[in-house]
Structure formats: structure tokens, C-alpha cells
Amino acid sequence: MKNLTSFIERHNELTGFSFLTTKPSVVVLGSFNSGKSTLINRLLGEEISPVGILPTTPCLINFEYGKAYQATFTFAGERKVFQQRSHLHAFLTQLNFSRGRVDIELPSPLLKKCRIIDTPGIDFLNGDSGRTAEKAASGADKIIYLFHQRGIEESNRLFLHRLATARRNKNLNDLSFWLNCNLGEYDGTSLEITRTVLREIFSNPMRLNTINTFKPENVAIFKLFLEVELLREALRQVSGKLKKIDTELPQKIKKTVLIKDYSLFLSEFWTLKHTATLILQAGRLLYSLPSVTRELETHLQHMNATNLNHRLSAPDAKLHRTRTTGIRKTRDAMLNLLNFLLNEHGIKEFTDRTELKQLFHTISEKRFTIVAAGGVSTGKSTFLNALMKEKLLPTADGPATASVTRLTYGRRKKAVVKFSVQVTLHLYEQVGEQVDLCRDELAVLEKWLSSPACGIACLEACVDGRFKDTGQKETAEMIRRVKDFFAAGTFGLKSGTTPPAAFKPVPLKRIKHRGIMQKVRITFKNPEHREFDLALPEEIRSFQNTLGTANAFSIETVDIQHPAEFLKLGDFIDTPGLDGINKHLRERTSRWIRQSDACLFFLNARQILNHLDRDSFHKLFQPQKAGSFNWQEISNPGQEKCLFVINFTDLLTSSQREAVFNFVRKSLSSTPVPDQRAGRPGILFISALRGLTAGQDGGMGKLIKCLEEDVLRSRGKKFYLDGTQKLFSLLDGASRGISDELMSGNTSYERKLELRRAQETLRQSKRILKNIRAAIYEPGRL
């Protein structure tokens, strides 16, 4: 601090330069009640600029140095002079427009170095205030911009966009931004949000610090910052002319030496000596500027950390960044606020209750979609059973989920399985330059043909790209030809046993124009819709049997309703294993992931440890490999909606967990999958089996929390920001109605009290809403 103070004290050394004729102007901007006037008062050492909870700076107030206090108001030829502070304050409270100007002379040492201009809040109810602030900023040498503790708001954003455009050809280092955390304990959320938005607006990182204008030590550090900036500005002004004077000095010395008149010689000599002294002093200031800047930065970092209730553990410690609130908290906060507004009698006549009810209904009925995807036996269904705290979905070591299943919230436990009216089965598919037989589809088709209970109404076979009606016998004959075409021989078994056929891929060119059936379209007579009461054990068993592989191709939809708490916010989609399902189900899973708000991709920790071969892991992602899953087709790049869940970690030791984590992280970092988060994919460990056991968590709590945050960060952000914006509009409309009636002049005293109470209720509601909106934003993942 000693070096910093010494540096600032030497500011007076530059006053010897005659070309420093004008003092720089410092303009203080920000929303009303952001602490602009309070900061200026602290800087000047007395309560000189009017402050209050309501807007109290109706016009520009210009502070200049003077030997005694004097204030002058000028507007449109009118001029008023005030010798006492109280008279000026009383006059300003009567102004209802942001025109004119107040010039205040004050014997403050700081005003010897600059002019300070206090401005009306950019969001003052009078529309002229924003234009007044913009005009003051256009000619400012330095701009100090203050934010509320809640950070940047829409009015700030709009104003700063205009400011950035107006100052695009000026030095951005002349702007500094300060978040005034003077409203109690501060967690740092709005700081990082504001920093991110500022970078977007100005296309550059901008200086942003915290300050508490009620803390004298904060104001003292800010004053040091301002004085260093003023000295830097003065040095910038003189540096160019100093270089020119310095180059001319040797020639002037030569001329002075030749002067024969002693008096004239002494006069010129002392002038040159004084000039050389000033040049040396300015040089020393320029030389010490970098070290002073570093010292000042250290003080600012300490002030930030103190305001954030966060101690610095090291010189390079970073500011605390709080992660966004979860989707449930955001939803509950919005619904609580809307419920309050709907039941608050004092504002009923000003608010659009129909719009409020509609918004309440929209938010309460909103459901986000979360897809559980992954390979066979990775524990997707077990996870969803753990979410419901009971085993309803079928699970097995092999493929257990043959159909896409939707879980939604409902007070009654039930399941509805709908079967398709029409199904198309592909009998073979292209894999590179070969075609391979679809064995599962072929087996199901043969079973349906042999079972009258299936109720087939119509069969259509596609040969050489054309469908034609076929009977069951003709279709069976065509199936035999398909099997013969792909046959690779038979396995020798005991005599009297029918040997199963073995099939092999065949070259693509061999199958063309061979009259081989490509696919079959089956239409059913009366497709079933089965409903199961999942509160009954026998119904649960029947439901699980229905979801078996035998019905994999005929089930259209499976919907489960369950009163699990988290299902109130989102519908979960259970999908078949990506590395074991048939192509038509893989495509259906792809569509669900594309449309989802979040995706949980499950990995089996045991299988990863048993197969540390990179190719076996990547086959789920690489599109050029047979049977692979193409992430590029199912997800928009950059969307943070995928979490990778490593399941069955209760069976691993700590060293094995570390090995699995490092392997997955390394593999994902080099794999073209969505949501890389700057090379750090979201990876979580769980044990769904433990989560299914009563009284155990198994990592489920952490997963649900991360999932809530990810949903809010992706699709949920836009939905809730749109909701907050709509509610802001409704509250603003109500506020304008109250303001218009207050300003009408025909209102009784009792009515004014009611209106002011309603106005305060709306203000408090807006503050709550702004806090909700601030919590929705998040600059990045920790």
C-alpha cells in the first residue's frame, strides 16, 4: 500500500506541464439505487449527492473543484444558485424530469484531479434518463458503471449495447464495472453471469470487480483505483509531448550556452532545468506504473474475495462461482411467486389474472424429457426402478428392454401397452459393402405366421423395391428362399435333432435383382391395448412378461404412470441397449435422444474393466463401424445435455474406480460425442442396485442434482427465461397502471396509501423474479 500511495501522491508533479489544461471527466453510470450517489459521497467525504431508496438523481450533477460549496442549476435559460446543501436537495426532489444540469463546486482534493458526473439511473421511470446518461457517457474520459448486487439486468444489457456501439472506436480500458454487493451476504452467482454477458456485449473481457459502498475500506481501495486511472490518463496525455520536448532539449541547451547576456542566460537555463526535471519525474512515474498496477490488482482481488465471503488461500486463488440452481427449485420458486400474485388482494385490480393463471398452468404442466440410453446390461432399467423405489421394469444380465418405455407422473401406479396396427420388418440390412440377415426379425415373423392368435389381417412382401400382397404360404416360401440365400451350412448335432441354420453376410452386388424378399409389412386385425395395475404383484409380473423380446416389434408404445416425486418435472424414457437392439428400434432411440432435454448415457463399469480395448468402447460412437451408433446424427453440437453414468461401481475398489474414470474420460475426450464441456465430459459414478435398496443412495442423489442442473442449463433455461420475461411484462404493466393513477392528481390520501402498498408489493415481486432469473444463468461448469 505504501508504494501505491506514494505513486498517487506524485500526481501533483505532472501539474507543471502547461499542456495539461483540462481535467478528465469521470462519469458514474448504472441503474437507479445501484449506489452511484452513495459512492460519490464516500469519495468526496460528505453527503453531497442526494441518495435514497427511490430515484433521487433526476438530472446530471457535475462536481468541480471550488474553494467553497456552491451549486448552480441550469435549464433552458433558467439559472438557480444554492449556497446550502439542504436547499439543493429539496429542489431536486421536486424535479420530475431528467433535463438540465447541476454544477457543484466543492473543496475536495479529488476534484483537483478530475470532474465527477453523477447521472440518473438508466432505468428511471422517466424515459429521458437513459438518453441523458448516454449523452454524458459519450464525452467521458473514464466511465464507472455500477450494478445492483443481483447483477446485470435487461435494462443494463440494452443500455450497454448502445454504449458499446457508441464507444467502439475508443479505449475499452476507460470503462470499469463494479457490482455493488451492499445487500447482505453475497454468493458470487451474479458476478460470473455479469462477467459473461459483458464479454458478449463488448466482445472483449471487461474489468469487473465487487464493491460494497457501505464499507469504508472498499471505498478506499476504489479511490486508489480511480486515482491510479487518473494518473495513467495524465501520463498518456503527456507522454507524446514529452518525447517531442526531450528530443528538442539538446538543441535548446546548445542555443542557451551561446547566450552572452547573463540575465537572459540564467532565465533560459532555469527554464530548461525545470523542463528536464519534469521529464525525469514523468519517466519515473511511467517506470513504476506496472508494479503499481500489480499491487492495485492484488488489493482488488482481496476486496473481491472478502465481499464474496471467501478467503484467499493462495495469491492466485479464483473467485467462488456458484453453480446454477436445479430445475425443481426454479419451478417451485416461479410457482410460489405466481401463487402469491394470484392471491394478493392489493394488486388484483392491476394485474392480468387470466395471463397469470395461464402462466401458472404452463409452468406447472411443463414436463422435460430425459432419455436413458446405453449398451445392453448397463443398468438403465435398474436406475429407473431405483428412481421409483420399486422393481417395475424388467431387468436381466442380457437384453431386457425390447421397447421404448415412457415414465410419467401419476397418482395411480399403472402401465398401458399399445400394440401397432401395422409393422414393417426388414429381413436384411446393408453393412458396408455387404448385407447381413436380420435374424431376430426373421424369427419373429416365422412365429407370427405359425400362430393364429396373432390376428394377421394382411401380408405384403417387398421384392426389388415393390410391395405386393402375399398369403401366409407364399410368405413362408419367400422366407425359406431368404434363409437359403444367407445359409452358411449346418452344425452337426446328434441324430434325430434338427440342426439350427448358420447364416453369413453376402456381398451387396450378389443380392441385387435376385428376387429376394427385402421386407414384409404386416397389418393386424385388432391390435391390443393392455392396461396393468402396478399396485398388484401379479399385474407387475404380467406387465414384465408382455415387455419381453417376443413383442419387441409389435409394441407401439409403453407408458407407465407412477407417483415418484421427480417424475413431476420430467418424463423418463427407457431405451433398449444400443449395441443389441435392432435397427428400427435404434432409429427410434435416436429420435428420442434428438428430441430430449437431457440424455443419460449408461456404461457398465465391470464391462469397461474387462475390455480396456479402445475399439470395443468406441464401437458405440464411431459411425463407420458395423452396428455403431452415430452421435453426430442424434445431437446438436454444443448442447450440454449428455451425462455419462458409470453404473455398478459398488463392485469396484477405489483403484479400479480411478482406472475406469480415467479410461472413460480419455476415451470421451477423443470421441466425437456431444457435450465435451471444453474437454471435460460429465462423468458420474452410481450403483443403481444400491439406490433401489431402501435407505441407500448409491450416488443417485448426486446424479439427480446434476441432471436437474443440466436440464436447466439446456432446454430449461429458455423455457424459464421466457416465463420470467412474460411475468416481468405483466408486473411492469401493473406498475405502470399504478404510477399513472398516482400521477393523475385526483387520488385521495387513503387511495394513495393503497397504491403505494401495491407498488411496493410489485417491487418486491420483481426483486424475487430477478433473483430467479439470475439463478437460471450459469457461465460454465465447475
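The values are calculated or read from the model by the stated rules, or taken from the named source; none is laboratory data. Fair warning: this is a prediction, and the values are worked out from it, not measured in the lab. We place every Cβ from the backbone using ideal geometry, glycine too, and count neighbours over all the protein chains shown. In case anyone asks, the SASA skips ligands and DNA or RNA and just uses the protein heavy atoms, side chains included. Shrake-Rupley method; radii C 1.70, N 1.55, O 1.52, S 1.80 Å.
Yes/no matrix, rows are residues, columns are (1) open to solvent by less than 20 Å² (accessible area, probe 1.4 Å); (2) over 23 Å from Glu229 (Cα atoms); (3) out of contact with any Leu (no Cβ under 8 Å at 6 or more places or on another chain); (4) at pLDDT 90 or above:
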site	(1), (2), (3), (4)
Pro109	no, no, yes, no
Phe147	yes, no, no, yes
Glu154	no, yes, yes, no
Asn171	no, no, yes, no
Arg195	no, no, no, no
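Working only within segment 525-554, note down all residues that are touching a strand residue (DSSP E or B) at 6+ places or on another chain (Cβ under 6 Å) and closer than 25 Å to Lys468 by Cα.
Lys525, Pro527, Phe553, Ser554
Out of segment 360-378, which residues are open to solvent by 10 Å² or more (accessible area, probe 1.4 Å) and either within 21 Å of Ala734 (Cα to Cα) or touching a residue at least 12 places away in the same chain (Cβ under 8 Å) (or both)? Full working, then the answer.
Our first condition is that a residue be open to solvent by 10 Å² or more (accessible area, probe 1.4 Å); within segment 360-378, this holds for 360-362, 364-367, 369, 376-377.
Once the filter is applied, which keeps residues that are open to solvent by 10 Å² or more (accessible area, probe 1.4 Å) and either within 21 Å of Ala734 (Cα to Cα) or touching a residue at least 12 places away in the same chain (Cβ under 8 Å) (or both), segment 360-378 yields Phe360, His361, Thr362, Ser364, Lys366, Arg367, Thr369, Val376, Ser377.
Report the residue count in segment 341-352 for those that are exposed (fewer than 14 other Cβ atoms within 10 Å of the Cβ) and part of a helix (DSSP H, G or I).
Qualifying residue count for the region: 2.
Could you please find all residues in segment 346-359 being touching a residue at least 60 places away in the same chain (Cβ under 8 Å) and not β-branched (Val, Ile, Thr)? I'd like the intermediate steps shown before the answer.
Just the residues of segment 346-359 that are touching a residue at least 60 places away in the same chain (Cβ under 8 Å), to begin with: 346-347, 350-352, 355-356, 359.
Selection gives Gly346, Phe350, Asp352, Glu355, Leu356, Leu359.
From the list Ser616, Ser590, pick out the single residue that is at pLDDT below 55, among the small types (Gly, Ala, Ser) and not in a loop (DSSP other than H, G, I, E, B).
Working: Ser590 fails: at pLDDT below 55.
Ser616 is the lone residue from the list that is at pLDDT below 55, among the small types (Gly, Ala, Ser) and not in a loop (DSSP other than H, G, I, E, B).
From the residues in segment 728-738 that are among the aliphatic types (A, V, I, L, M) and either in contact with a Lys or Arg (Cβ under 9 Å, 6 or more places away or on another chain) or not in a helix (DSSP H, G or I) (or both), which one is farthest from Asn336 (Cα to Cα)? Quick ask: steps written out before the conclusion?
Taking segment 728-738 and keeping what is among the aliphatic types (A, V, I, L, M), we get 730-731, 734, 738.
From what is left, the residues that are either in contact with a Lys or Arg (Cβ under 9 Å, 6 or more places away or on another chain) or not in a helix (DSSP H, G or I) (or both) are 731, 738.
Numbers: Leu731: 15, Ile738: 23 Å.
Residue satisfying both the conditions and the ranking: Ile738.
Please determine, by comparing only the residues of segment 111-132 that are hydrophobic (A, V, I, L, M, F, W, C) and at pLDDT below 85, which one is surrounded by the fewest Cβ atoms within 10 Å (Cβ to Cβ).
Restricting attention to segment 111-132, the residues satisfying the condition of being hydrophobic (A, V, I, L, M, F, W, C) are 111, 114, 116-117, 122, 124-125.
Pick out the ones that are also at pLDDT below 85 and you get 122, 124-125.
Details: Ile122: 26, Phe124: 23, Leu125: 15.
In this case the residue turns out to be Leu125.
I want to confirm something. Restricting to segment 173-191 and keeping residues that are part of a helix (DSSP H, G or I) and open to solvent by 20 Å² or more (accessible area, probe 1.4 Å), which single residue is modelled with the highest pLDDT? Give the steps one after another, and end with the answer.
Let us first name the residues in segment 173-191 that are part of a helix (DSSP H, G or I), namely 173-174, 189-191.
Filter once more, so that each one left must be open to solvent by 20 Å² or more (accessible area, probe 1.4 Å): 173-174, 189.
Details: Asn173: 88, Asp174: 91, Thr189: 70.
Restricting to residues being part of a helix (DSSP H, G or I) and open to solvent by 20 Å² or more (accessible area, probe 1.4 Å), the top hit is Asp174.
Do you know which of the residues in segment 700-730 that are of a type in the set (Gly, Ala, Ser) and open to solvent by less than 20 Å² (accessible area, probe 1.4 Å) is modelled with the highest pLDDT?
Of segment 700-730, the ones of a type in the set (Gly, Ala, Ser) are 701, 714, 716, 723, 729.
If we keep only those that are open to solvent by less than 20 Å² (accessible area, probe 1.4 Å) as well, we get 716, 723.
Values: Gly716: 77, Gly723: 91.
Residue satisfying both the conditions and the ranking: Gly723.
If a residue counts only when it is open to solvent by 50 Å² or more (accessible area, probe 1.4 Å), which strands (runs of 3 or more DSSP E) contained entirely in segment 529-574 have at least 2 such residues?
Values: elements: 529-533, 555-562, 570-574.
Correct list: 529-533, 555-562.
Would you pick out the residues in segment 379-417 that are open to solvent by 20 Å² or more (accessible area, probe 1.4 Å) and among the aromatic types (Phe, Trp, Tyr)?
Tyr409 - this is the single residue of segment 379-417 that is open to solvent by 20 Å² or more (accessible area, probe 1.4 Å) and among the aromatic types (Phe, Trp, Tyr).
I need a count of the residues in segment 534-583 that are more than 28 Å from Asp440 (Cβ to Cβ) and free of Cβ contacts under 8 Å to residues at least 24 places away in the same chain.
4
Among strands (runs of 3 or more DSSP E) lying entirely in segment 385-491, which contain 2 or more residues that are of a type in the set (S, T, N, Q)? Explain how you work it out, then say what you get.
On the way: elements: 405-409, 414-419, 422-426, 428-431, 434-437, 456-463, 466-469, 487-490.
Passing ranges, in order: 405-409, 422-426.
Only one of (1) modelled with pLDDT of 90 or more; (2) over 24 Å from Arg767 (Cβ atoms) is not met by Lys135, so which one is it?
(1)
Hey, could you check segment 454-473 for residues that are among the charged types (D, E, K, R) and open to solvent by 70 Å² or more (accessible area, probe 1.4 Å) and say which is farthest from Glu539 (Cα to Cα)? Reasoning before the result, please.
In the first step, residues of segment 454-473 are kept if they are among the charged types (D, E, K, R); the result is 460, 464, 466, 468-469, 473.
From the residues that got through so far, the ones that are open to solvent by 70 Å² or more (accessible area, probe 1.4 Å) too are 464, 466, 468-469, 473.
Working: Asp464: 45, Arg466: 43, Lys468: 41, Asp469: 39, Lys473: 37 Å.
It comes out as Asp464.
Criterion first (under 20 Å from Gln149 (Cβ atoms), at pLDDT 85 or above and open to solvent by 20 Å² or more (accessible area, probe 1.4 Å)) does Glu217 satisfy it?
In short, yes.
Considering only residues of segment 418-453 that are under 16 Å from Glu528 (Cβ atoms) and surrounded by fewer than 15 Cβ atoms within 10 Å (Cβ to Cβ), which is modelled with the lowest pLDDT? Write out each step before concluding.
So in segment 418-453, the residues under 16 Å from Glu528 (Cβ atoms) come out as 418-423, 448, 451-453.
Next, from what is left, pick out any that are surrounded by fewer than 15 Cβ atoms within 10 Å (Cβ to Cβ): 421-422, 451-453.
Details: Val421: 91, Gln422: 91, Ser451: 83, Pro452: 80, Ala453: 74.
Result: Ala453.
Residue-wise test of (1) modelled with pLDDT under 70; (2) closer than 19 Å to Lys23 by Cβ.
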position	(1), (2)
Ile48	no, yes
Gly52	yes, no
Asn62	no, yes
Gly66	no, yes
Gln83	no, no
Ala90	no, no
Ser98	yes, no
Ile104	no, yes
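Given (1) free of Cβ contacts under 8 Å to residues at least 12 places away in the same chain; (2) within 21 Å of Ala373 (Cα to Cα); (3) more than 34 Å from the chain's Cα centre (by Cα), where does Glu587 come up short, assuming only one miss?
Result: Glu587 passes all but (3).
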